[in-house]
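Before any comments, here is the structure.
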Amino acid sequence: MSVYDVITIGDTGYDTIQVIDEDEAHLVCNVHHQLCQICFDYADKIPVKAIYETIGGNAANAAVGFSRLGLKTVIYTEIGKDDLSERIINAFKNEKISLKYVKQSGKTNRASVISIRTDRTIFSYHEKREYHLPKLDSANWIYLSSLKNGYEKVHHDLVSQIRGKKVFVSYNPGTYQLKGGIVASQSILQQSAVVIMNKEEAASWLKMPITTDVKHLLFALTKYGTKNSIITDGLAGSFGFDGINYFHCPICPQKAVETTGAGDSFATALSAALYHGSSLKEAMRWGSINSASVVSEIGAQAGLLHLIEMKKRLKETEKITATPILT
C-alpha cells in the first residue's frame, strides 16, 4: 500500500492580485483579437479597485486541489525562509498537505497579477533554486509541474526513482520546461499517463503553427511517449486523445470573475478523476467543472472543489459531457 495518493512536484509562490477597472487601461488587439496588449499611461498612477493575496504556483494549486478531492497529498517544493513562507506553510497545514518534502532557503517566489475584465497578466519573480529531489515515499500518482532552470535534474532523478514501478504521472509543464523544448522532456513523457497544456503551449512546444488542427497536436504529443494527451483551448473547451479516440468537452457555463488558476484546476481535477478510476472522457468533465468553479472566484485556489461538491456538480451537469471527435 502506498504512503501517499499523490505527490505534487513544482514551484510555489505568493500571489498579489490587483483588480484594475477597465477604464484605467486600454486593450490593443489585432484584427482577429488573437493577440491583445494592455496599455497604461507611462509614469502614471493607476488606481486599483481591489487587491487580494493568496498562495500560488502550479504545484501548490494542484496540491490544494488534490487534497480537497480526497487524495492524501504531499508536495515537493522549495520556498523561501521569510514571512511569506510561513504563510505558505500554514496554508498547506490548513489544507492537510504533508510538508515532508518542503525545503526552505532564500526568498519566496512572488507574482503580481493584473486582472482586467475577466482575464489576467502575470509578472512573476522566481528565486534561483538548486533543486534536490528527495527520496520519495511510495505514491500512486505523481503530478509534475512548473520548475525553473535546473528542472532537468529533477526530471532525471524522478525517472530514476519511478522507472519500473506502477506509478502514474500527470505532466503539466511550466514556462521553463516548455522553453527547453519537448525533446528535453521526453524521458518524463515516456513515463506519463497524461500530459496537459493549452493549445498555444502545445503548438509552440511542437514547433507547429497555432492554426494546426488540435487533433494533430494531440497525436504529436503522444508520439513522444505519453499515453494520453489533453489540450485546453479557453472558451472552446478541452480536447483529449487516449491513443485511439479523440474527444471534445465544452466548458461549463459560468460567469467568469477572474481566470487565474483555470488551467491548474482543470489539470488537477482531470488527474484526480483518473486516480479515482474514471475514463479520460469522464475525467475531462471533472476538469471542466473544477475550472468553472475556480474562475467564479478571485485567485487560483478559492474555488477549488471538495470531493462532495464535485460529485454533486457532476450530477447537476450531466449534459456537459465529452463526445468523440470523428477523425
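The values are calculated or read from the model by the stated rules, or taken from the named source; none is laboratory data. Note that the structure is predicted; figures quoted are calculated from it, not measured. So basically every Cβ, Gly included, is an ideal-geometry build from the backbone, and we count neighbours across all protein chains shown.
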Failed condition for Asn90, given (1) without any contact (Cβ under 8 Å) to a residue 60 or more places away in the chain; (2) surrounded by 18 or more Cβ atoms within 10 Å (Cβ to Cβ); (3) of a type in the set (S, T, N, Q), with all others met?
(2)
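Where in segment 235-327 are the strands (runs of 3 or more DSSP E), entirely inside, with at least 2 residues that are crowded, with 20+ Cβ neighbours inside 10 Å and touching a residue at least 60 places away in the same chain (Cβ under 8 Å)? Steps first, answer last, please.
Working: elements: 238-241, 246-249, 323-325.
In segment 235-327, 238-241, 246-249 are the strands (runs of 3 or more DSSP E) which contain 2 or more residues that are crowded, with 20+ Cβ neighbours inside 10 Å and touching a residue at least 60 places away in the same chain (Cβ under 8 Å).
Return yes when Lys207 is free of Cβ contacts under 8 Å to residues at least 40 places away in the same chain and surrounded by fewer than 17 Cβ atoms within 10 Å (Cβ to Cβ) and no when it is not. First the steps, then the outcome.
Working: free of Cβ contacts under 8 Å to residues at least 40 places away in the same chain: yes; surrounded by fewer than 17 Cβ atoms within 10 Å (Cβ to Cβ): yes.
Spelling it out, Lys207 is indeed free of Cβ contacts under 8 Å to residues at least 40 places away in the same chain and surrounded by fewer than 17 Cβ atoms within 10 Å (Cβ to Cβ).
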Give the residues of segment 133-156 that are surrounded by 16 or more Cβ atoms within 10 Å (Cβ to Cβ) and more than 14 Å from the chain's Cα centre (by Cα), sorted by residue number.
Leu133, Leu136, Ala139, Asn140, Trp141, Lys148, Tyr151, Glu152, Val154, His155
Would you please name the residue that is nearest to Thr268 (Cα to Cα), looking only at residues in segment 1-40 that are modelled with pLDDT of 90 or more and among the polar types (S, T, N, Q)?
Thr8
Just one of the numbered conditions (1) under 21 Å from the mean Cα position of the chain (by Cα); (2) within 30 Å of Gln191 (Cα to Cα); (3) surrounded by 14 or more Cβ atoms within 10 Å (Cβ to Cβ) is not true of Lys100; which one?
(1)
